[in-house]
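Everything below concerns the one structure shown next.
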Amino acid sequence: MLSRAVAIPGLLFVLAVIGAGQSPQFEVASVKPVDVSKLGDAIQMNLGTVRREEVTFGNATLKDCIRFAYGMDSDAQIVGPDWIRSLEFLYDVVAKGAPGASREQLQSMMQTLLVERFKLVTHREQKEMSYYALVPAKGGPKIQPVQEVPDGFRGINYGGRINNILRMQGLAYLLSRFETDRPIIDQTGLRGLYEVKLEWALRQLRNADAAPGPSLFTALGEQLGLKLEARKGLVEILVVDSAEKVPAEN
């Protein structure tokens, strides 16, 4: 899986003035279906980037957009029609908030945008399942906090290699995509952005003979000071009741 930002033409945005009782929203935002016939075999994807109050997605599935908007750590926490995760239905999204808008405010605005453009209907449930909890290892985390993503920075997110600036929830999400055996939930208690440099033998969580090098379990402890703990319990699930494949016009 690639996770490079996709260049999208800049647009002028104005944040709506939010009145009492109104859902937070972007006054103007761009949501465009991607012509997947022109992408070829290798698809460059931006699965959700926030820089200076601007939220962008490039070649992202609706499920990727929902994950960001509702703060889910893993694909397994989003249940709905198969097409919302299909590479046959990809979207480019650009939206900008007012200076100083928090990530949580931008996520709320994204929820409103998905409801307006995709007619998204969801509800939450609790489901008991086995999962991995991402937690600090003995001795504590080894990663360094970062104030913001530098201009022009592009991270690397491949199976077996991550070199990026991420929130721990984002790291759990990436690892969940590579390790499909069970969801990975962030329970580190770490907030903000961190520099993440991690290399491991892909799929060794399930097959110790798959490739040389450290397993993901070993690499997380040695390189990041984190670990995965196998747990079972109630996990919050977001159920997509309905959504439209073609977003409403901008």
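No lab work stands behind these numbers, since they all come straight from the coordinates. All figures in this text were calculated on a predicted structure; none of them were measured in a lab. Note: ideal-geometry Cβ built from the backbone for every residue, glycine included; neighbour counts use all protein chains shown.
Put simply, when 153-159, 76-82 are sorted by average Cβ atoms within 10 angstrom per residue, most first, you get 76-82, 153-159. The simple spin-label model puts a point 7 Å past each Cα toward its Cβ; for Phe89 and Val239 those points are separated by 1.9 nm. The label point for Gln105 and the one for Glu128, both projected 7 Å from the Cα toward the Cβ, are 4.2 nm apart. Under the convention that each Lys and Arg Cβ holds +1 and each Asp and Glu Cβ holds -1, the size of the dipole of the chain around its Cα centre is about 460 debye. Annotation: amide H-H contacts under 5 Å for Ile185 (H modelled 1.01 Å from N, sequence separation of 5 or more, or interchain): Tyr132, Ala133, Leu134. The simple spin-label model puts a point 7 Å past each Cα toward its Cβ; for Val121 and Arg52 those points are separated by 4.1 nm. Which of Thr61, Ala243, Gly155 sits closest to the plus end of the dipole of the chain, meaning its Cα is farthest towards the positive end, when Lys and Arg get +1 and Asp and Glu get -1 on the C-beta? Value computed over the given set: Gly155. Packing around the peptides 144-150, 59-65, 162-168, 225-231, taken as the average count of other Cβ atoms within 10 Å per residue, puts them in this order, highest first: 59-65, 162-168, 225-231, 144-150. Charge dipole (Cα centre; +1 on Lys/Arg Cβ, -1 on Asp/Glu Cβ; no other charges) of region 102-250 amounts to roughly 300 debye.
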